[in-house]
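A quick write-up on the structure given underneath.
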Amino acid sequence: MTQAILLVGGQGTRLRPLTISTPKPMLPVAGFPCTEHQIARAREAGIDRIVLGTSYRAEVFEDYFSTRDLGVEIVYAVETEPLGTGGAIRNAAQYLTCDPDEPVVIFNGDVLTGLDIDGLVSKWRTAHADVALYLTRVADPRAFGLVPTDSDGQVIAFTEKPTTPEEIVTDQINAGCYVFRRSVIDRIPAGRVVSVERETFPELLDTNANVIGVVDDGYWLDLGNPLAFAQGSRDLVRGLAPTPLLSGRTGEAVIDSSAQVDPSASIIGGSYIGANVVIGAHAVIDGSIVYDGARLESHSHVSDSIIGVNAFVGSGCVITQAVIAEDVHLGSRNEILAGVRIFPNAQIADSTIRFSSDR
Ligand code: GDD
Ligand code: MG
């Protein structure tokens with residue numbers, strides 16, 4: 001059996017306002033926190049003990065997971081001050097019980113993947129590697145860690161968030177999952193902020209450690225912004241992103257059994273409808289997340305968007321690629337278009353936001 005560390009202490013600033021009350025990894029995608037999908041996939045790969053490295057709103061994780069049995073042992077390593085990704089890994093390692101030569105799988109808490117976790121561990125083992133990095137290819141790598149490899153798969157460099165065009169030497173990026181030899185983690189300095197990307201990886205390469213990159217072109221999505229978040233949810237609902245938590249339930253929509261959906265409404269495009277949601281006549285919900293307790297009146301049209309907990313959306317509203325946070329009251333016939341985020345508790349009167357004048 002293998003042990004793992006899940007890094008979930010980041011602030012999730014780019015997902016505000018959704019992350020004001022909930023840490024990003026705990027925001028439900030397709031009805032379950034991203035962390036829960038990851039734990040379920042890790043368990044499927046034979047991982048039996050997971051240390052959650054928490055910091056921002058640490059209590060939310062423990063409150064949630066202490067009431068559920070996911071079939072793995074979950075331990076919490078709480079940082080009173082965030083220690084950065086490397087510091088968090090070092091801090092979490094005190095709760096591992098494996099031997100120095102055994103593999104430890106480390107996951108970033110904000111990516112959805114189809115990675116063959118067990119396959120990555122096998123490649124680490126076969127290569128007698130110190131570290132194996134899961135890599136994927138993206139069109140624009142600037143927001144990620146760049147990881148060029150040689151023809152044998154050895155990592156040549158690690159450049160976190162390249163800033164100059166000369167630094168962009170590959171389309172391979174760090175996809176947010178690593179296998180470390182446990183003794184390598186124990187060499188990360190303790191008790192201070194360390195970035196695994198900016199400090200640990202470059203240092204390992206400078207000292208000729210055996211670091212391999214494993215490119216996997218399967219499903220990968222960084223839940224970096226609200227639109228990606230809605231996409232992740234619809235990919236899970238449609239079964240494009242694998243998760244054991246929805247087995248047998250994937251399709252055009254997943255609707256909580258306590259939701260009241262008018263028979264004339266259409267819920268399509270991988271939408272997720274949460275508990276106690278009410279959806280009125282002729283509403284169309286396409287590729288969106290509607291969180292628990294929200295109410296959408298008749299003829300509202302919501303696509304590729306997120307509707308927060310207990311939000312109210314009046315009749316005839318059009319919401320496209322936008323975020324309506326929790327407890328917002330949106331009066332009838334408003335148009336909320338691409339990129340708009342309405343913060344919690346906002347009250348918007350009928351017919352006050354218009355994109356065009358023809359309605
Ligand atoms: N416990 C703890 N403490 N966790 C942290 C801390 C911390 O101080 N800082 C960040 N994390 C967690 C975040 O919650 C997230 O799950 C993970 O570590 C990565 O941090 P992000 O802040 O999300 O980094 P990023 O998205 O800018 O970049 C990272 O992910 C990319 C792939 O999505 C890097 O690892 C890149 O190299 C990578 O390409
Ligand atoms: Mg991230």
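Among residues of region 219-245 being among the small types (G, A, S) and more than 14 Å from ligand 2 (Cβ to nearest atom), the one that is nearest to A42 (Cα to Cα) is A241. For first residues located in region 338-353 and in contact (Cβ under 8 Å) with a residue 40 or more places away in the chain, partners that are among the basic types (K, R) and lie 6+ apart or on another chain with Cβ distances below 8 Å form the pairs R341/R16. How many residues, within region 262-292, are closer than 20 Å to A325 by Cβ and either surrounded by fewer than 19 Cβ atoms within 10 Å (Cβ to Cβ) or touching a residue at least 60 places away in the same chain (Cβ under 8 Å) (or both)? Total meeting the criteria: 8. Being surrounded by 14 or more Cβ atoms within 10 Å (Cβ to Cβ), within 16 Å of ligand 2 (Cβ to nearest atom) and either hydrophobic (A, V, I, L, M, F, W, C) or modelled with pLDDT under 95 (or both) is a property that A132 lacks. Residues in region 1-25 that are farther than 12 Å from L223 by Cβ, within 16 Å of ligand 2 (Cβ to nearest atom) and not in a loop (DSSP other than H, G, I, E, B): 4 in all.
Screening region 201-251 for residues that are out of contact with any helix residue (DSSP H, G or I) (no Cβ under 8 Å at 6 or more places or on another chain) and open to solvent by less than 20 Å² (accessible area, probe 1.4 Å) and picking the one that is farthest from I268 (Cα to Cα) gives F201. Per the conditions (1) in contact with a strand residue (DSSP E or B) (Cβ under 9 Å, 6 or more places away or on another chain); (2) open to solvent by 40 Å² or more (accessible area, probe 1.4 Å); (3) within 16 Å of ligand 2 (Cβ to nearest atom), the sole criterion not satisfied by D140 is (1).
Table: residues versus (1) free of Cβ contacts under 8 Å to residues at least 40 places away in the same chain; (2) not hydrophobic (A, V, I, L, M, F, W, C).
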{"site": "L6", "(1), (2)": "no, no"}
{"site": "G12", "(1), (2)": "no, yes"}
{"site": "K24", "(1), (2)": "no, yes"}
{"site": "V29", "(1), (2)": "no, no"}
{"site": "A40", "(1), (2)": "no, no"}
{"site": "I50", "(1), (2)": "no, no"}
{"site": "V72", "(1), (2)": "yes, no"}
{"site": "V75", "(1), (2)": "yes, no"}
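Anything in region 70-101 that is part of a loop (DSSP other than H, G, I, E, B), on the phi < 0 side of the Ramachandran plot and open to solvent by less than 70 Å² (accessible area, probe 1.4 Å)? List them, or say none.
If the condition is that a residue be part of a loop (DSSP other than H, G, I, E, B), on the phi < 0 side of the Ramachandran plot and open to solvent by less than 70 Å² (accessible area, probe 1.4 Å), then L70, V72, E79, L83, L96, C98 are the ones that fit.
What are the residue pairs meeting all of these: first residue in region 214-237, first residue closer than 30 Å to D150 by Cβ and more than 13 Å from ligand 1 (Cβ to nearest atom), second residue open to solvent by less than 10 Å² (accessible area, probe 1.4 Å) and assigned to a helix (DSSP H, G or I), Cβ atoms under 7 Å, and 6 or more apart or on different chains? Short answer, once both residue conditions are applied: V214/L120. If you go through region 300-325 and pick out every residue that is farther than 17 Å from S351 by Cβ and open to solvent by 10 Å² or more (accessible area, probe 1.4 Å), you end up with 6. Could you tell me whether region 39-55 includes any residue that is closer than 20 Å to T13 by Cα, within 16 Å of ligand 2 (Cβ to nearest atom) and open to solvent by 40 Å² or more (accessible area, probe 1.4 Å)? Scanning region 39-55 turns up no residue that is closer than 20 Å to T13 by Cα, within 16 Å of ligand 2 (Cβ to nearest atom) and open to solvent by 40 Å² or more (accessible area, probe 1.4 Å). Filter region 108-121 down to the residues that are open to solvent by 20 Å² or more (accessible area, probe 1.4 Å) and within 15 Å of ligand 1 (Cβ to nearest atom), then identify the one that is farthest from the chain's Cα centre (by Cα). The selected residue is G114. Take the conditions (1) in contact with a Leu (Cβ under 7 Å, 6 or more places away or on another chain); (2) assigned to a helix (DSSP H, G or I); (3) at pLDDT below 95; I39 misses just one of them, which is (3).
Restricting region 16-36 to residues that are of a type in the set (A, V, I, L, M, F, W, C) and touching a Leu at 6+ places or on another chain (Cβ under 7 Å), which is farthest from ligand 1 (Cβ to nearest atom)? Before the answer, list the steps.
Step one: list which residues in region 16-36 are of a type in the set (A, V, I, L, M, F, W, C), which gives 18, 20, 26-27, 29-30, 32, 34.
Remaining after also requiring touching a Leu at 6+ places or on another chain (Cβ under 7 Å): 18, 27, 29-30, 32, 34.
Numbers: L18: 14, L27: 12, V29: 14, A30: 18, F32: 16, C34: 9 Å.
Only one residue tops the list, namely A30.
Scan region 303-356 for residues that are charged (D, E, K, R) and more than 23 Å from T22 (Cα to Cα) and jot them down.
Going residue by residue through region 303-356, those that are charged (D, E, K, R) are 304, 326-327, 333, 335, 341, 350, 354.
Correct list: R333, E335, D350, R354.
The values are calculated or read from the model by the stated rules, or taken from the named source; none is laboratory data. Fair warning: this is a prediction, and the values are worked out from it, not measured in the lab. Positions of Cβ are generated from backbone atoms using ideal geometry, with glycine treated the same way; all protein chains shown enter the neighbour counts. To get the accessible areas, we keep the full protein, side chains included, count just its heavy atoms, and leave off ligands, DNA and RNA. Shrake-Rupley method; radii C 1.70, N 1.55, O 1.52, S 1.80 Å.
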